[in-house]
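See below for the structure under consideration.
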Amino acid sequence: MTTPPSPTFEASSAFRHTRFIPRVARARVEAQLARLFADATEYTTKTTDNEVALLVSGSLARGEAAVEQQPEGWCLASDIDFVAIVPDHQDEEFAEGLLEHLAALAPQTQATCFTVCRSDARRVRSHFGADLWLTATRPVAGQLPPGLVARPATGAHEDLELIVHQVANYLLVADQAGGHAPGRCARKLLLEALRALTPPGPDGITRYATVLDVPAGWSSVLHASQVRALIAGRETGRPFDWPSDRAHAVFLRLLAQFLNPGTGTVSDGVPADLAQLADTAVDVLTTFQVAVLAYFGILHGPVPADYARVLLDVWARLDADRFEHARDHRASVAQLAVTEAAEHRPHAMTVLREAMAALRLDYYRELGARNFGRAYDEGDDMYACLPLRRARQASGDGGNLVAWPQWIQRLPMAGVALPGVQGRLVAPGLGQTVLWDFPEGGSIPAHRHGPQLGVVLAGCVHLARDGVIRSVRAGESFEITDQQQHAATVAPGTLVVEVFAEPDRHRPKELPR
């Protein structure tokens, strides 16, 4: 019996979730990608003895690659982000050799290749890890054992990473040699803010095209036709023709909605939100995130002085021992006055730009170690100290409880004599508690039953209620109402405690005799 070949990542998958790319453009670029993947596969096979699995990440993994029209015809506009899963040792030579090989065959290709050790693959984080999870079962070359790449939990903090990455590109990279055009970065800035305000799609991933399906927090800022034009322009490489002042103002309004949902409808609210976050920005990651958003406000906000106070305060609190590049700039930033920054005086802006560029280097050093699984303690999340309102807001879509539902309140009271403490008993005949363990992950098909509560202790549950998916991660809870249809995909290593109203929802497993 012949073993069927393992599925591989097809070029057509890179466009599975696009909407506006012309058919002729898609066909041409798919052919270009297919040749590139064949070259990458050949190189991997010849140089690694099947020890390396080559995956794609980024927009290609999510199926939302972009194209653009050049004099020679349509070509890929997205970067090609390869990820090499290598044995338990760093093998930078493979990544460098692959890129040299592809550059020699296709000089116009904009490719990168990151390296992740197999021992770290289960610990990759954030949206980077989600991209790998999407393609782990369909590598471009090689094979991976099932479950090696886990589906990481993503939420407000990871969405903030995407926003901050685009802000940093726009302010600190776009106008440098080799950087993206400022106009393209400005459009991407708006799109990342829109994506951060949009619930994930059916597979738990939020894509640009998904933004159109769920207006969410952006409907008070932009019309659907404007969002449609932003997405279409990004997919087809059209020039971004918004005046810069308009793009900046819209971004700040979207940022306000992200930082303070439901109330952040004007850009003037952003400095106050950032000032509150600055009080808890103590590590490298959160320090840069607050600082770069405040820096954007100084340059493009309606009240630069308010943003300048936040930025200078962040720099004043900077712990020199944790910042290899930025610490040398503390003294020069400390000498600046709020008015110098707010009035964009040349000396002040030179000092701030150099300081922010140095802080950016510290940020990506720390972020890479975290998201690539090389420096992350499961019991000490580096983002735990940044209390985003969006992360802690009570939600009606399956997320965190603020009060017990009525069926829990009807359970018998516990007889405790502690002031201010009330307990409800789940006793035989009155309900059922189950402690779940998913060492390899799992999938629960759609079903219905009586009321249910759940608390995720570790890992992540991608919960679908009535077709709407929400990722519930460690420390968060969810509720299933009576007879509500629900399903779930559960990440490996997840622990969940669930309470059912039905006393016999699950029966004991019979032991073999």
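Taking the range 198-213 on its own, how many of its residues are assigned to a loop (DSSP other than H, G, I, E, B) and open to solvent by 20 Å² or more (accessible area, probe 1.4 Å)? Full working, then the answer.
Step one: filter the range 198-213 for residues assigned to a loop (DSSP other than H, G, I, E, B), giving 198-209.
So of that shortlist, the ones also open to solvent by 20 Å² or more (accessible area, probe 1.4 Å) come out as 199-200, 202-203, 206.
Number of matching residues: 5.
Quick check on this structure: which one of Ala224, Ala256, Ala249, Ala275 is among the hydrophobic types (A, V, I, L, M, F, W, C) and open to solvent by less than 20 Å² (accessible area, probe 1.4 Å)? Residue meeting the stated conditions: Ala256. Somewhere in the range 484-497, is a residue more than 22 Å from Pro152 (Cα to Cα) and touching a residue at least 40 places away in the same chain (Cβ under 8 Å)? The answer is no, given that none of the residues of the range 484-497 is more than 22 Å from Pro152 (Cα to Cα) and touching a residue at least 40 places away in the same chain (Cβ under 8 Å). Within the range 214-235, if we keep just the residues that are at pLDDT below 85 and assigned to a helix (DSSP H, G or I), the residue that is nearest to Leu255 (Cα to Cα) turns out to be Gly217.
Among the residues of the range 337-376, none is identified as of a type in the set (Phe, Trp, Tyr), open to solvent by 60 Å² or more (accessible area, probe 1.4 Å) and outside any helix (DSSP H, G or I). It is to be established whether one or more residues within the range 169-176 are more than 17 Å from Gly63 (Cα to Cα), of a type outside the set (Ser, Thr, Tyr), touching a Leu at 6+ places or on another chain (Cβ under 7 Å) and assigned to a loop (DSSP other than H, G, I, E, B). So far as the range 169-176 goes, no, none of its residues is more than 17 Å from Gly63 (Cα to Cα), of a type outside the set (Ser, Thr, Tyr), touching a Leu at 6+ places or on another chain (Cβ under 7 Å) and assigned to a loop (DSSP other than H, G, I, E, B). Restricting the first member to the range 320-344 and to residues that are without any contact (Cβ under 8 Å) to a residue 24 or more places away in the chain and within 20 Å of Tyr363 (Cβ to Cβ), and the second to residues that are open to solvent by 40 Å² or more (accessible area, probe 1.4 Å) and of a type in the set (Lys, Arg), the beta-carbon pairs closer than 7 Å and six or more apart or on different chains are Ala320/Arg327; Ala320/Arg330.
Assess whether Phe500 counts as being touching a His at 6+ places or on another chain (Cβ under 9 Å) and of a type in the set (Phe, Trp, Tyr). In short, yes. Within the range 91-150, the set of residues being touching a Cys at 6+ places or on another chain (Cβ under 7 Å) and in contact (Cβ under 8 Å) with a residue 40 or more places away in the chain comprises Leu98 only.
Residue count for the range 36-73, restricted to those that are open to solvent by 40 Å² or more (accessible area, probe 1.4 Å) and either assigned to a strand (DSSP E or B) or free of Cβ contacts under 8 Å to residues at least 12 places away in the same chain (or both): 8.
The values are calculated or read from the model by the stated rules, or taken from the named source; none is laboratory data. Here the structure is a predicted model, which means the values were calculated and not measured. FYI the Cβ positions are ideal-geometry reconstructions off the backbone, even for glycines, and counts take in every protein chain you see. These area figures cover heavy atoms from the full protein model, side chains too; ligands, DNA and RNA do not enter into them. Shrake-Rupley method; radii C 1.70, N 1.55, O 1.52, S 1.80 Å.
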